[in-house]
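To start, the structure under review is shown below, and the notes come after it.
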Amino acid sequence: MKILPYLPDQSGLAYAVGTTLDRFIKLKQSDFPFASGELSQLLRDIGLAAKIVNRETNRAGLANIGGAFGQTNVQGEEQQKLDVIANIRFMRALSKGGEVCAIVSEEEDSVIDLQNKSGKYVVAIDPLDGSSNIDVNISIGTIFSIYRRRSPLGSPIEQEDVMQPGTEQVAAGYVLYGSSTMLVYTTGCGVNGFTYENSLGEFFLSHPDIKAPKSGQIYSVNEGISEEFESGVLDYISSCKKRKFAARYIGSLVADFHRNLLKGGIYLYPATIKNPSGKLRLLYEANALAFIAEQSGAMATDGENRILEILPTSLHQRTPLYIGSTELVQEVHQYISKTRDKITEFCH
Ligand code: AHG
Ligand code: MN
Ligand code: MN
């Protein structure tokens, strides 16, 4: 009888493609400076909420067929828009887990103090990003940032716990509910992407150690409002066209960012006359993606300053956003600074 030894994965990587999200988080726990398991548990809680929102997202089309569902679902809950549902799902997951003390959400006017004396972490979240795409079956997402609280455990939440610059994030990520559902996150040691396998109900590592291309040939911007952009940005967009870059704009930040992260490109949401600080939110949109961008070798700025170094002054603060391949973000900076310098000269 011939007996063959079982040969385990020879790659030598603890994080071989196909590793489940839960296992990966556990294996990587020692990467955190304060590893005690709570951040790992928090990431797993987010993973679970993402699965639930994924299920709701998949059903969204059916739920909109008149008469197929009533005004209330089987639990007697009123049917709500998916962004409200996603908010409820993430709030529940984050509050029940026990690791979080406060939540900042796009869907809540104020900070939610969970009154959890042992919660070490603060989470900022955009539960459903790209909501205008929900009704038309286009990719949408979730974005999250995780910070350690600064005030002592057990005390009430302070402003300093919530208003931290992006450099203080201990983890950040996004979920993309697209043609397949993915969860991409960083804890400051590179970026890893997991794809959801519906039939098994698991996220599996599919994109280990993502590195963004240094350059690219995609520009993503809502050109319909470009009349409101400053001239440096318009000049940059013209230069993209002269170079025959592909214009790709989904209108879901997560999806646009994800494509450019993998393929190389730049996403721009500049200041406009209507929104002089841009449209996107610093705390739960820009910071998380900026952290991931930098961890993958890409770059994120407001056209001048590094996003991660902006000191927040209000909860729902907006910022212009230029994010993507380093060479392209540096290029747009040059265009912006050239025209801004001219304006300054003119004023003197
Ligand atoms: P949200 O759905 O969370 O409010 O975010 C929408 C954001 C972002 O996802 C997207 O990139 C941007 O709004 C699109 O804005 P325009 O429609 O102005 O292009
Ligand atoms: Mn959003
Ligand atoms: Mn949203």
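When ligands, DNA and RNA are left out and all protein chains stay put, how many square angstrom of accessible area per residue does the chain have with a 1.4 Å probe? Walk me through the intermediate numbers first.
Details: 16760 Å² over 348 residues.
Solvent-accessible surface per residue comes out at 48 Å².
Largest first, what is the accessible-area ranking of 51, 338, 244 with a 1.4 Å probe?
Details: 51 50, 338 130, 244 165 Å².
Sorted descending by solvent-accessible area, the residues read 244, 338, 51.
Where does the charge balance sit around residue 227 when Lys and Arg score +1, Asp and Glu -1, over other residues with C-beta under 15 Å from its C-beta?
-3
Between rounded, prolate and oblate, where does the stretch 146-227 land on the alpha carbon gyration tensor, with a ≥ b ≥ c its root eigenvalues, rounded for a/c under 1.5, else prolate if a/b exceeds b/c?
It is oblate, given that a/c is not under 1.5 and a/b is not larger than b/c.
Aspartates and glutamates within cross-link reach of residue 214: Cα-Cα under 20 Å, excluding same-chain residues under 8 positions apart?
256, 294, 302, 304, 327, 331
What are the ³J(HN,Hα) couplings of the stretch 17-30, residue after residue, when phi is run through the Karplus curve with 6.51, -1.76, 1.60 and θ = phi - 60°? Round to Hz, x for glycine and proline.
Going residue by residue, I get 3, x, 5, 6, 4, 4, 5, 4, 4, 5, 5, 8, 4, 5 Hz, with x marking Gly and Pro.
In nm, to one decimal, how far is the residue 305 label point from the residue 327 one, both placed 7 Å along Cα→Cβ?
Roughly 2.9 nm, to one decimal.
Grab the other residues whose beta carbon is less than 14 angstrom from that of residue 272, score K and R as +1, D and E as -1, and report the net.
Net local charge, residue 272 excluded: -2.
Between residue 263 and residue 313, what length in nm is gained on full extension when 0.36 nm per residue of separation is reduced by their alpha carbon distance?
That pair, residue 263 and residue 313, stretches by 14.6 nm at full extension.
Compute the length gained on full extension between residue 341 and residue 273: take 0.36 nm times their separation in residues and subtract their Cα-Cα distance, giving the result in nm to one decimal. Mind showing how you got there, number by number?
Working: separation 68, 0.36 × 68 = 24.48 nm, distance 1.96 nm.
That pair, residue 341 and residue 273, stretches by 22.5 nm at full extension.
What is the local net charge at residue 316, summed over the other residues whose Cβ is closer than 12 Å to its Cβ (Lys, Arg +1; Asp, Glu -1)?
Net charge around residue 316: -3.
If each DSSP helix of 4+ residues adds -39,500 (n - 2.57) and the sum is divided by the residues in the chain, what number results at 222 nm, nearest 500 deg cm²/dmol?
Only helices count here, giving -10000 deg cm²/dmol.
What relative contact order, as a whole-number percentage, does the chain give when Cα pairs under 8 Å and 6 or more residues apart are counted?
Numbers: 697 pairs, mean separation 52.9, N = 348.
Reported as a whole number, the value is 15 percent.
Rounded, prolate or oblate: which fits the stretch 218-347 when a ≥ b ≥ c are the square roots of the eigenvalues of the alpha-carbon gyration tensor, with rounded for a/c under 1.5 and prolate only if a/b beats b/c?
rounded
Considering only DSSP beta bridges whose two residues both sit in the stretch 218-347, what percent are antiparallel, to the nearest 5?
On the way: 10 of 14 bridges.
Percent antiparallel among DSSP bridges in the stretch 218-347 is about 70.
Taking a probe of 1.4 angstrom, what is the accessible area of residue 101 in Å², to the nearest 10?
For residue 101, solvent-accessible area is about 0 Å².
Just list whichever of 279/338; 26/51; 26/120; 51/117; 51/81; 242/338 have alpha carbons separated by over 22 Å in the model shown.
In this structure, 279/338; 51/117 exceed 22 Å between Cα atoms.
Which value, in Å² rounded to 10, gives the accessible area of residue 239 with a 1.4 Å probe and all protein chains present?
Residue 239 exposes around 10 Å² with every protein chain in place.
DSSP loop (so not H, G, I, E, B), at most 16 other Cβ within 10 Å: list which chymotrypsin sites (Phe, Trp or Tyr not before Pro) in the stretch 102-160 pass both filters.
Taking the stretch 102-160 and a limit of 16 other Cβ atoms within 10 Å, no loop chymotrypsin sites (Phe, Trp or Tyr not before Pro) are found.
Name the shape class, rounded, prolate or oblate, that the alpha-carbon gyration tensor gives for the chain, where a ≥ b ≥ c are the square roots of its eigenvalues, rounded holds for a/c under 1.5, and otherwise prolate holds if a/b is larger than b/c and oblate otherwise.
Note, shape of the chain comes out rounded.
Can you send over the solvent-accessible area of residue 258, 1.4 Å probe, protein chains only, in Å² to the nearest 10?
Rounded to the nearest 10, that gives 20 Å².
Check residue 191: other-chain or 5+ apart residues with amide H under 5 Å from its amide H, H built from backbone geometry?
209, 210
Given a 1.4 angstrom probe, I'd like the percentage of the accessible area of the chain that is carbon and sulfur, rounded to a whole number.
Ligands and nucleic acids excluded, carbon and sulfur give 51 percent.
Only helices at least 30 Å long along their axis, Cα-based, and averaging -0.5 or more on Kyte-Doolittle count here, so list those DSSP H runs from the chain. List each step's numbers first, then the result.
Details: long enough: 38-63 (37 Å, -0.05); 326-347 (31 Å, -0.65).
Sorted by number, the helices that extend far enough and score high enough are 38-63.
The values are calculated or read from the model by the stated rules, or taken from the named source; none is laboratory data. From a predicted model like this one, the values you see are computed outputs, not experimental measurements. When we count neighbours, we look across all protein chains shown, and the Cβ atoms used for this are built from the backbone with ideal geometry, even at glycine. The accessibility values were calculated without ligands, DNA or RNA, using every heavy atom of the protein model including side chains. Shrake-Rupley method; radii C 1.70, N 1.55, O 1.52, S 1.80 Å.
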